[in-house]
Amino acid sequence: MINVFTTMISHITLSLFCFNFWCCSRTFLSIIGGVIAGIWGFTGFTGFVFYFVVMLAASFGLAAKAKFSADSYFDSWNRVLLDGILGGLMSFVLFWTFAYDIVHIF
């Protein structure tokens, strides 16, 4: 019985660690992607397409790091592919406009 609880606690701890790490990674990539998009001068729809390309590359990178067996580390593939994508969008837009203003306007 104790072994079952130990296994459950270790699985929950690992899941929370991976989720927190992944959300922080997506936020960090959103900030870096926003700065790059601003420096490169992307405007309008092109900038948003760039954001989703960065998030797609991040999802692929995480899946490759997990050796394409998301069940070992996450609840489902949705955690790998979709979680946190829209959460980093505001950070992306903030740093995108900030970098664009500094490089191209001032």
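No lab work stands behind these numbers, since they all come straight from the coordinates. Just so you know, these numbers come straight off a predicted model, no measurement behind them. As a convention, Cβ positions derive from the backbone with ideal geometry for all residues, glycine included, and neighbour counts pool all protein chains shown.
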(request) Scan (1) buried (at least 18 other Cβ atoms within 10 Å of the Cβ); (2) in contact (Cβ under 8 Å) with a residue 24 or more places away in the chain; (3) over 11 Å from the mean Cα position of the chain (by Cα) for the single condition Val54 breaks and write down its number. (result) (3)
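Free of Cβ contacts under 8 Å to residues at least 60 places away in the same chain and either at positive phi or out of contact with any Phe, Trp or Tyr (no Cβ under 7 Å at 6 or more places or on another chain) (or both): does that describe Gly61?
Considered against the rule, which asks whether it is free of Cβ contacts under 8 Å to residues at least 60 places away in the same chain and either at positive phi or out of contact with any Phe, Trp or Tyr (no Cβ under 7 Å at 6 or more places or on another chain) (or both), Gly61 comes out as yes.
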